[in-house]
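Notes to accompany the following structure.
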Amino acid sequence: MTILETRGLGRTFGALRAVADVSLRVETGELRALIGPNGAGKTTLFHLISGLLAPTSGQVAFRGDDVTALAAPARCRRGISRTFQITSIFPELSVLENVRIAVQLKAGGNFRLLGGRALLEASERRARDSLGALGLLDRAREPAAMLPHGDQRLLEIAMALAQQPELLLLDEPTQGLSPEDTAATVAVIRRIARERRVTILLVEHDMDVVFDLADRVSVLHFGQLIAEGTPDAIRGNLDVQTAYLGGPE
Amino acid sequence: MNGPRALALAALAALAALPWVLARHQLSILTDLLIFGLFALSLDLIMGYTGMVSFGHAAYFGLGAYGSALVLVHSGQPVPVALLAGALLAGVVALPVGWFSTRATGIYFAMLTLAFAQLLYTVAYKWRDLTGGSDGLAGVPKTTLFWGGPSLATPHAYYFLVTACVVLALLLCRALVRSPFGRALQAIRENERRFVALGRAARPFKLVVFVIAAALAGLAGALFAPFRGFASPEVMFWVLSGQGLMMVLTGGIGTLIGPILGAMVFILIQEVLSSYTEHWMIFSGAVFVLMVIFLPGGLVGTARRLVTRA
Ligand SMILES: Nc1ncnc2c1ncn2[C@@H]1O[C@H](COP(=O)(O)OP(=O)(O)OP(=O)(O)O)[C@@H](O)[C@H]1O
Ligand SMILES: [Mg+2]
């Protein structure tokens, strides 16, 4: 079954076509990697899928429904959660509260002005589960800003995961991580994909990570999808090699 | 018993005992300080907990003052009726203002709130038939606690009314910021874009807290009018909005109790300085600058740092 489909999706910034005519299908339960050189439009495509940016052309369908007209909050409530390329957390709130509020915002009861203790406790339990899964539980009480960079990246995944999404968008989760942290993050992502049966769309620059994790790979170049296939097929694809050789890296 | 609770009980005991210790005019100053403490407390809800810096908060204090003054002057109802009217008027006016202003964020939000406040000030100034224009409404009586009930015209009685209102408002705000709604506000303050990506639009939250803060500022204004016996356009002027920001920062933003103390200290410093020199504004400005530099987090923030270090 197809969980996510974009049809002719495009976004321009002035004269720049950051994403152009992208038609992408992701099947339920797969782990799809999205690769492409710097500036290829990967993050912009994530914004279009999660609703943080409006497309200038095309549609997004999630579980068969056209969600193009829905804003980001509504798409999140339908089951699309995401992380950001540039770490985006609530710095002064505790690690636990970062995750708990993610649960609360999706679960509801947000306009309980007084009391709401049962609601707070229920969301806290789920937040603890999620933090435990990512090995962050022992730092739950610290302000999120105090965590080292690698743990902040994991915290973002914990926030998204605690929302029990059907589709998880991860924008370069290993960016700026040491080799050890990268290995740990890869292990976490593999476990999530296996245990939670969540569909994952992953932007990643590290090819080892991509070929290690992905069921299928899509390649974006100058805003366009130029190839799609299994990791092995993509590895041998000449167009992809040219795109990378021609890219700014 | 833990530290904060012991402190709170001690403060309550002091508030209860002070009327028998202080001289009449001192009690009157204390009442005044508490009223502005309530005003600063209400501003902390939007500024400290939601990250919305309003430059027009005095408008709601003023609306509360006029609402209460009109009820008391024209109908002689008990004071609580006037308080309700003042808070309600401020809240109702804040609804459309908030609806427009929350379309913007940051400095644009601040400018919109300022523009609306100046507009309301002008209305108060020009609508002579209703507001008395620049003279304002004078002779606002401190009526009774309820129909046929005890008079509030003594300094003691009115002091206790104000104290009760401030304590209740503080407890209300405390519950509010700890509720699911209050937690959401703090997440908006920390990172609005993240908040939105997690499944809720921020604007409804901002609008609701803006109206609540306005109603509480209105309550402060509604207490003020009968206390001083008048309501005039000055109480809606932007200067008070600016002083509100300084009170919150002096006491400790995002701490609730801090802004109440901040308002008290801020006004006391002004009172003391102005009794020594006519150039007091220079000195009170300097005191404020020094506080911001050397006491980051305000009085309460600094005190907490010292306690955790000790
Ligand atoms: N808000 C914006 N305004 C103008 N141009 C933008 C904006 N966002 C992205 N762009 C441009 O669109 C293009 C695609 O950017 P995008 O961030 O989607 O690339 P990316 O594939 O995620 O790159 P990277 O690997 O560096 O993260 C770039 O040329 C970028 O400069
Ligand atoms: Mg990117």
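The values are calculated or read from the model by the stated rules, or taken from the named source; none is laboratory data. Computed from a predicted model, the values in this text were never measured in an experiment. As a convention, Cβ positions derive from the backbone with ideal geometry for all residues, glycine included, and neighbour counts pool all protein chains shown. Ligands, DNA and RNA are excluded from the accessible area calculation, which covers all protein heavy atoms including side chains. Shrake-Rupley method; radii C 1.70, N 1.55, O 1.52, S 1.80 Å.
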Could you look through segment A:189-210, keep only residues that are surrounded by fewer than 15 Cβ atoms within 10 Å (Cβ to Cβ) and within 14 Å of A:Thr174 (Cβ to Cβ), and pick out the one that is modelled with the lowest pLDDT? A:Asp208
Sort out for me the helices (runs of 4 or more DSSP H) sitting completely within segment B:1-83 that have 3 or more residues that are surrounded by 24 or more Cβ atoms within 10 Å (Cβ to Cβ). B:24-50, B:58-75
Return a yes/no flag: does segment B:267-277 have any residue that is more than 21 Å from the chain's Cα centre (by Cα) and of a type in the set (Phe, Trp, Tyr). yes
Determine which single condition A:Gly116 fails, assuming it passes every other condition in (1) free of Cβ contacts under 8 Å to residues at least 24 places away in the same chain; (2) more than 10 Å from chain B (Cβ to nearest Cβ); (3) open to solvent by less than 10 Å² (accessible area, probe 1.4 Å); (4) not aliphatic (A, V, I, L, M). (2)
Within the bounds of segment B:202-221, is there any residue that is over 20 Å from A:Arg100 (Cβ atoms), touching a residue at least 40 places away in the same chain (Cβ under 8 Å), open to solvent by 10 Å² or more (accessible area, probe 1.4 Å) and among the aromatic types (Phe, Trp, Tyr)? no
Output the number of residues of segment A:157-188 satisfying the condition of being more than 16 Å from ligand 2 (Cβ to nearest atom), among the aliphatic types (A, V, I, L, M) and either crowded, with 22+ Cβ neighbours inside 10 Å or outside any helix (DSSP H, G or I) (or both). 8
Within segment A:79-88, which residues are more than 7 Å from chain B (Cβ to nearest Cβ) and in contact (Cβ under 8 Å) with a residue 24 or more places away in the chain? A:Gly79, A:Ile80, A:Ser81, A:Thr83, A:Phe84, A:Gln85, A:Thr87
Selected residue (only one of A:Gly51, A:Gly29 is within 14 Å of chain B (Cβ to nearest Cβ), more than 16 Å from ligand 2 (Cβ to nearest atom) and either under 20 Å from A:Pro231 (Cα atoms) or surrounded by 22 or more Cβ atoms within 10 Å (Cβ to Cβ) (or both)): A:Gly51
State all residues of segment A:64-88 that are surrounded by fewer than 15 Cβ atoms within 10 Å (Cβ to Cβ) and not aliphatic (A, V, I, L, M); if no residue qualifies, say none. A:Gly64, A:Asp65, A:Asp66, A:Gln85
Inter-residue pairs, beta-carbon under 7 Å, first over 18 Å from A:Leu161 (Cα atoms) and in segment A:132-148, second open to solvent by 60 Å² or more (accessible area, probe 1.4 Å), 6+ apart: A:Pro143/A:Glu92; A:Ala145/A:Glu92; A:Leu147/A:Arg139
Considering (1) away from ligand 2 (no atom under 13 Å from the Cβ); (2) over 22 Å from B:Arg183 (Cα atoms); (3) not β-branched (Val, Ile, Thr), say which one A:Leu34 fails and leave the rest. (1)
Test set (1) assigned to a helix (DSSP H, G or I); (2) within 16 Å of ligand 2 (Cβ to nearest atom) - A:Leu202 fails condition number: (1)
Would you confirm whether any residue within segment A:133-143 is more than 14 Å from chain B (Cβ to nearest Cβ), in a helix (DSSP H, G or I), open to solvent by 10 Å² or more (accessible area, probe 1.4 Å) and closer than 28 Å to B:Ala201 by Cβ? no
Looking at A:Arg100 and the list (1) basic (Lys, Arg); (2) more than 23 Å from A:Arg196 (Cβ to Cβ); (3) at the interface with another protein chain (Cβ under 9 Å from one of its Cβ atoms), which single condition is not satisfied? (2)
B:Val239 passes all but one of (1) more than 11 Å from the chain's Cα centre (by Cα); (2) farther than 15 Å from B:Ala117 by Cα; (3) open to solvent by 10 Å² or more (accessible area, probe 1.4 Å); which number fails? (2)
Wholly inside segment A:22-128, helices (runs of 4 or more DSSP H) that include 3 or more residues that are within 16 Å of ligand 1 (Cβ to nearest atom) are A:42-50
Where the second residue is small (Gly, Ala, Ser) and within 11 Å of ligand 2 (Cβ to nearest atom) and the first is outside the structural domain of A:Phe211 (by TED's automatic domain parsing) and lies in segment A:27-38, which pairs have Cβ atoms under 7 Å and are six or more apart or on separate chains? none
Yes or no: B:Val265 in a helix (DSSP H, G or I) and modelled with pLDDT under 95? yes
Screening B:Ala169, B:Ala117, B:Ala157 for residues that are open to solvent by less than 40 Å² (accessible area, probe 1.4 Å), at pLDDT 90 or above and under 17 Å from B:Gly48 (Cα atoms) leaves only B:Ala169
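Table: residues versus (1) modelled with pLDDT of 90 or more; (2) among the small types (Gly, Ala, Ser); (3) in contact with a helix residue (DSSP H, G or I) (Cβ under 9 Å, 6 or more places away or on another chain).
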{"residue": "B:Phe195", "(1), (2), (3)": "yes, no, yes"}
{"residue": "B:Gly199", "(1), (2), (3)": "yes, yes, yes"}
{"residue": "B:Pro204", "(1), (2), (3)": "yes, no, no"}
{"residue": "B:Val248", "(1), (2), (3)": "yes, no, yes"}
{"residue": "B:Ile257", "(1), (2), (3)": "yes, no, yes"}
{"residue": "B:Gln270", "(1), (2), (3)": "no, no, yes"}
{"residue": "B:Met281", "(1), (2), (3)": "no, no, yes"}
Filter result for A:Gly8 (within 29 Å of A:Gln241 (Cβ to Cβ), away from ligand 1 (no atom under 13 Å from the Cβ), out of contact with any Leu (no Cβ under 6 Å at 6 or more places or on another chain) and assigned to a strand (DSSP E or B)): yes
Having 1 or more residues that are more than 14 Å from every other protein chain (Cβ to nearest Cβ) and within 25 Å of B:Trp238 (Cα to Cα) is the bar; report the helices (runs of 4 or more DSSP H) wholly within segment B:105-212 that clear it. B:106-126, B:128-131, B:155-178
Select, from A:Glu92, A:Glu124, the only residue that is acidic (Asp, Glu), open to solvent by 50 Å² or more (accessible area, probe 1.4 Å) and more than 8 Å from chain B (Cβ to nearest Cβ). A:Glu124
Enumerate the pairs (first residue in segment A:203-217 and assigned by TED's automatic domain parsing to the domain that holds A:Leu169; second residue anywhere and within 15 Å of ligand 2 (Cβ to nearest atom) and of a type in the set (S, T, N, Q)) with beta-carbon separation below 8 Å, excluding pairs fewer than 6 apart on the same chain, so at least 6 apart or on different chains. A:Val203/A:Thr43; A:Val203/A:Gln85; A:Glu204/A:Thr174; A:His205/A:Gln175; A:Asp206/A:Thr174; A:Val209/A:Thr174
